[in-house]
1. Select from the range 152-198 the residues that are of a type in the set (Val, Ile, Thr) and either in a helix (DSSP H, G or I) or surrounded by 16 or more Cβ atoms within 10 Å (Cβ to Cβ) (or both) and write down the one among them that is farthest from the ligand (Cβ to nearest atom).
2. Only one of these conditions is not met by Asn149: (1) assigned to a helix (DSSP H, G or I); (2) farther than 24 Å from Arg8 by Cβ; (3) at pLDDT below 95. Which number is it?
3. Restricting the range 138-151 to residues that are buried (at least 17 other Cβ atoms within 10 Å of the Cβ) and under 11 Å from the mean Cα position of the chain (by Cα), which is nearest to the ligand (Cβ to nearest atom)?
4. Looking at Tyr44, Tyr81, Tyr77, Tyr96, can you tell me which residue is among the aromatic types (Phe, Trp, Tyr) and modelled with pLDDT under 75?
5. Hey, Phe82 hits all of (1) within 16 Å of the ligand (Cβ to nearest atom); (2) closer than 21 Å to Trp172 by Cβ but one; which does it fall short on?
6. Determine the pairs where a residue that is on the phi < 0 side of the Ramachandran plot and surrounded by 13 or more Cβ atoms within 10 Å (Cβ to Cβ), located within the range 48-68, has a partner that is at pLDDT 80 or above and assigned to a helix (DSSP H, G or I) with Cβ atoms under 7 Å apart, the partner being 6 or more residues away or on another chain.
7. Looking only at the range 83-109, count how many residues are polar (S, T, N, Q) and within 17 Å of Trp159 (Cβ to Cβ).
8. Hey, among Ile112, Ile127, Ile106, which residue is within 13 Å of the ligand (Cβ to nearest atom) and under 15 Å from the mean Cα position of the chain (by Cα)?
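The values are calculated or read from the model by the stated rules, or taken from the named source; none is laboratory data. Small disclaimer: the values here were computed from a predicted structure and weren't measured. Note that we place each Cβ from the backbone using ideal geometry, even for glycine, and neighbour counts take in every protein chain shown.
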Amino acid sequence: MEKPILYRVSGRKDILMRYRGEFAKEGYSLTENTYTVRFEKPVYKAYTAEDRFIRKFRKKKCKVEKIPLRYTRNTTYRRAYFKAHPSPDGKYRCVYCGGRFPKKDITIDHLIPVNAAERSWVARDRIKRLGYSSVNDMDNLVPACRYCNSRKGTHMGLWLMRGRLGRKPWFWKVVKVGRFAMMVFVMFMIFYAFDLYI
Ligand SMILES: [Zn+2]
């Protein structure tokens, strides 16, 4: 039976790097940042290495976490999003700033970030309660421009609300009307003040 699980190992970088080649040969991939090095492998491909893998790293005082695949990024979500949401003019509206951008400048953002889903049970619980099948569920995906996406990073909270509102077309109509009303109001006040002077 398929057991869709990924491992993330974190620990001392020099220890992890030592095993890099060995595990790459077995199909593990490695992503690196400042604090952790991580090996990933869908274990349904080979069970044999599983125990050896865990044992080896635990012995070296590394932290080994099992992450169900549905809480990790898949490789098809971007394509899937564009396929499910074709745009007649090839442009997409960023849900965070409302700007319209050509497809090549649009990133597909996970409302509940993959990073949070991998690490925290709070995020996983949220995914479950919202009825999403995975972190790559279409309902968890929104278009965002590069600038907003990088600003959002791994934030949730208010960003989640902004994303949910921003994907409703009526929201940007309300914003537009609101901006216009504000402009009229300011102009009226300027004229009014001017009128008082003369
Ligand atoms: Zn934006």
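1. Going through the range 152-198, the residues of a type in the set (Val, Ile, Thr) turn out to be 154, 174-175, 177, 184, 186, 190, 198.
Retained after the next criterion (residues that are either in a helix (DSSP H, G or I) or surrounded by 16 or more Cβ atoms within 10 Å (Cβ to Cβ) (or both)): 174-175, 177, 184, 186, 190.
Details: Val174: 18, Val175: 13, Val177: 20, Val184: 26, Val186: 25, Ile190: 31 Å.
Once the filter is applied, the top-ranked residue is Ile190.
2. Result: Asn149 passes all but (2).
3. It comes out as Ala144.
4. Just a single option satisfies the conditions, and that option is Tyr44.
5. Of (1) within 16 Å of the ligand (Cβ to nearest atom); (2) closer than 21 Å to Trp172 by Cβ, only one is false for Phe82: (1).
6. Val64/Arg58; Ile67/Glu118
7. Residues that pass the stated criteria total 1.
8. Just a single option satisfies the conditions, and that option is Ile106.
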